[in-house]
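The values are calculated or read from the model by the stated rules, or taken from the named source; none is laboratory data. Because the structure is predicted, anything quoted here is derived from the model rather than measured. Note that each Cβ is placed from the backbone with ideal geometry, even for glycine, and that neighbours are counted across all protein chains shown. Accessible surface areas use protein heavy atoms only, side chains included; no ligands, DNA or RNA. Shrake-Rupley method; radii C 1.70, N 1.55, O 1.52, S 1.80 Å.
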Amino acid sequence: MKFFVDTADTAEIREIANLGLADGVTTNPSLIAKSGRPYAEVLREICDIVDGPISAEVVATEAPAMLEEGEKLAKIHRNIVVKCPLTLEGLKATRALSNRGIRVNVTLIFSPLQALAAAKCGASFLSPFVGRLDDIGHEGMLPIDQIVRIMDNYDYPAKVLVASIRSPLHLLRAAEAGADIATLPPDVIKQILRHPLTDAGLEKFLSDWRQTKQKI
Ligand code: E4P
């Protein structure tokens with residue numbers, strides 16, 4: 001399973017990339033706004049840090065303008081993947097961009113049939129959102145199992161990129177479902193490394209070691 005980092009904070013991306021845990025990065029307009037930096041500048045810096053798919057989202061809502069923005073974003077670096085929303089216009093842009101050889105990550109997917117439509121329109125990545133479904137009382141993980149099965153049934157090349165992950169449990173369930181990729185906020189990546197028994201075990205080892213008065 002690949003881990004993408006879900007942030008536009010380049011310091012966080014660098015730290016995770018140095019561990020070898022960043023196979024790609026996803027950004028969205030909210031994350032860019034949070035960074036407070038110019039979009040193209042952040043994307044260039046991210047592409048220098050991580051050699052993998054870097055998602056950059058269009059903000060136009062009509063297909064021709066999305067296409068124009070997508071082509072502009074794709075020119076920034078060969079690793080840029082253009083993110084289009086799952087709307088009728090977004091799917092038109094997805095088809096047009098993919099026909100031009102530009103990879104598209106279709107975002108804001110909330111149902112298995114939206115994912116199937118995106119795959120048929122040439123998406124390279126499908127981003128079903130888990131946390132935002134949980135937020136409104138739906139079972140966010142349910143569509144993930146269904147989407148993975150549908151992609152397997154018909155051998156679509158689109159990769160299932162689980163998004164809107166808010167906790168290690170989401171990641172565990174996504175991995176169990178066989179999703180290709182999870183895009184993870186840096187905090188979730190740090191949480192999965194921590195365990196209270198690891199901390200307690202290390203403390204005991206070190207206190208026992210101190211009693212030996214030895215040095216390595
Ligand atoms: C990534 O591609 C998505 O934009 C992101 O995971 C959304 O996460 P959120 O629902 O926590 O904002």
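See the values below:
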quantity	calculated
Any pair with Cβ under 7 angstrom, 6 or more apart, that starts in segment 14-25 at a residue that is part of a loop (DSSP other than H, G, I, E, B) and ends at one that is open to solvent by 60 Å² or more (accessible area, probe 1.4 Å) and of a type in the set (Lys, Arg)	ASP23/LYS2
Some residue of segment 14-30 being small (Gly, Ala, Ser), more than 28 Å from GLY178 (Cβ to Cβ) and either modelled with pLDDT under 95 or touching a helix residue (DSSP H, G or I) at 6+ places or on another chain (Cβ under 6 Å) (or both)	no
Residue in segment 95-102 that is away from the ligand (no atom under 14 Å from the Cβ), touching a strand residue (DSSP E or B) at 6+ places or on another chain (Cβ under 7 Å), in a loop (DSSP other than H, G, I, E, B) and under 23 Å from ILE13 (Cβ atoms) present	yes
Matching residues, segment 145-175, being among the polar types (S, T, N, Q) and either surrounded by 21 or more Cβ atoms within 10 Å (Cβ to Cβ) or away from the ligand (no atom under 15 Å from the Cβ) (or both)	GLN146, ASN153, SER164
Complete set of residues in segment 182-216 that are under 30 Å from ILE32 (Cβ atoms) and hydrophobic (A, V, I, L, M, F, W, C)	ALA182, LEU184, VAL188, ILE189, ILE192, LEU193
Failed item in (1) buried (at least 21 other Cβ atoms within 10 Å of the Cβ); (2) not in a strand (DSSP E or B); (3) not aromatic (Phe, Trp, Tyr), with VAL106 passing the rest	(2)
Hits in segment 109-121 (condition: outside any loop (DSSP other than H, G, I, E, B) and away from the ligand (no atom under 16 Å from the Cβ))	PRO112, LEU113, LEU116, ALA117, ALA119, LYS120
Segment 25-41: number of residues that are in contact with an Asp or Glu (Cβ under 9 Å, 6 or more places away or on another chain) and buried (at least 18 other Cβ atoms within 10 Å of the Cβ)	5
Members of segment 166-216 found to be among the aliphatic types (A, V, I, L, M), more than 30 Å from SER124 (Cβ to Cβ) and part of a loop (DSSP other than H, G, I, E, B), listed by number	ILE216
Near pairs, Cβ below 7 angstrom, 6+ apart or cross-chain, from segment 66-90 (in contact (Cβ under 8 Å) with a residue 60 or more places away in the chain) to any residue that is among the aromatic types (Phe, Trp, Tyr)	none
Considering residues of segment 42-68 that are open to solvent by 20 Å² or more (accessible area, probe 1.4 Å) and closer than 17 Å to GLY101 by Cβ only, the residue nearest to the ligand (Cβ to nearest atom)	PRO53
Test: residue in segment 69-88 that is within 16 Å of the ligand (Cβ to nearest atom) and either open to solvent by 50 Å² or more (accessible area, probe 1.4 Å) or under 20 Å from ASP187 (Cα atoms) (or both)	yes
LEU142, sole failed condition from (1) within 13 Å of the ligand (Cβ to nearest atom); (2) open to solvent by 70 Å² or more (accessible area, probe 1.4 Å)	(1)
